[in-house]
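**Student:** Once you've had a glance at the structure underneath, I'll fire off some questions.
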Amino acid sequence: MIKRLEELSLGQRIALTVVIVLVILFAFALFGFLTGRWDEAEGQPLVLTLPPSKWDAEIIELDKQAVNEAYVAKIKQLFDVYVREGVEVHERPVKGAAQARRAYIVIRQAIEKREELLNAPGRD
């Protein structure tokens, strides 16, 4: 027979709460996975659309320049720390460089999408 909630000890109540929360989280995760929404969020770059302006083309070029400069600066920083501090674990700078590459690719994809929207037919 199942005990009433009032009859459970504090530890049992906490354990029951944790189990309930985990079951709910797993249910949401399963729902997202089965509906395909789990993969949708990862695959598409986020593109923030603002009202069109006459400077859009120049802003896109500045964005490209800034992303290129930021990527180079990050790789230089990783290399500098690696050489200066004599990092024993080679994995850290390699992971940092991989993360910088991933970020660069995602941002360039978003810029490319904005550029396509800017050059789309029918856009004034």
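Bear in mind these aren't lab numbers, they're just calculated from the coordinates by the rules spelled out. Because the structure is a prediction, the values reported are computed rather than measured. All Cβ positions, even for glycine, are placed from backbone atoms using ideal geometry, and neighbour counts span all protein chains on display.
**Student:** Calculated from DSSP H runs of 4 or more alone, at -39500 (n - 2.57) each and per residue, what is the 222 nm mean residue ellipticity of the chain, nearest 500?
**Tutor:** Working: 4 runs with 91 residues, N = 124.
Using -39500 (n - 2.57) per qualifying helix, the result is -25500 deg cm²/dmol.
**Student:** I've got another one for you. Please list, or write none, the lysines whose alpha carbon is within less than 23 Å of the alpha carbon of Lys54, excluding same-chain residues fewer than 8 places away.
**Tutor:** List returned: Lys64, Lys113.
**Student:** Taking log10 I(q)/I(0) by the Debye sum over Cα atoms at q = 0.10, 0.12, 0.19 Å⁻¹ as the quantity of interest, determine which of (1) -0.65, -0.77, -1.05; (2) -0.24, -0.35, -0.94; (3) -0.30, -0.42, -0.88 was computed from the displayed structure.
**Tutor:** Entry (1).
**Student:** Could you order the peptides 23-35, 68-80, 104-116, 2-14 from most to least packed, using the average number of other C-beta atoms within 10 Å per residue? It would help to have the intermediate numbers written out before the result.
**Tutor:** On the way: 23-35: 10.5, 68-80: 13.5, 104-116: 15.4, 2-14: 8.9.
Averaged packing, sorted descending, gives the order 104-116, 68-80, 23-35, 2-14.
**Student:** Still on this structure: Once you have the Cα-Cα distance between Asn68 and Thr35, take 0.36 nm times their residue separation minus that, and quote the gain in nm to one decimal. Before the final figure, lay out each step's value.
**Tutor:** Working: separation 33, 0.36 × 33 = 11.88 nm, distance 3.66 nm.
Computed gain between Asn68 and Thr35 is 8.2 nm.
**Student:** At Ala103 and Glu115, where each label point lies 7 Å from the Cα along Cα→Cβ, what is the point-to-point distance in nanometres?
**Tutor:** The modelled label-to-label distance comes out at 2.1 nm.
**Student:** Averaging sequence separations of C-alpha pairs under 8 Å and six or more residues apart, then dividing by the length of the chain, give the relative contact order as a whole percent.
**Tutor:** After rounding, I find 32 percent.
**Student:** A further question on this structure: Identify all lysines with a Cα-Cα distance to Lys76 below 17 Å; exclude those on the same chain that are fewer than 8 residues away in sequence.
**Tutor:** Output for Lys76: Lys95.
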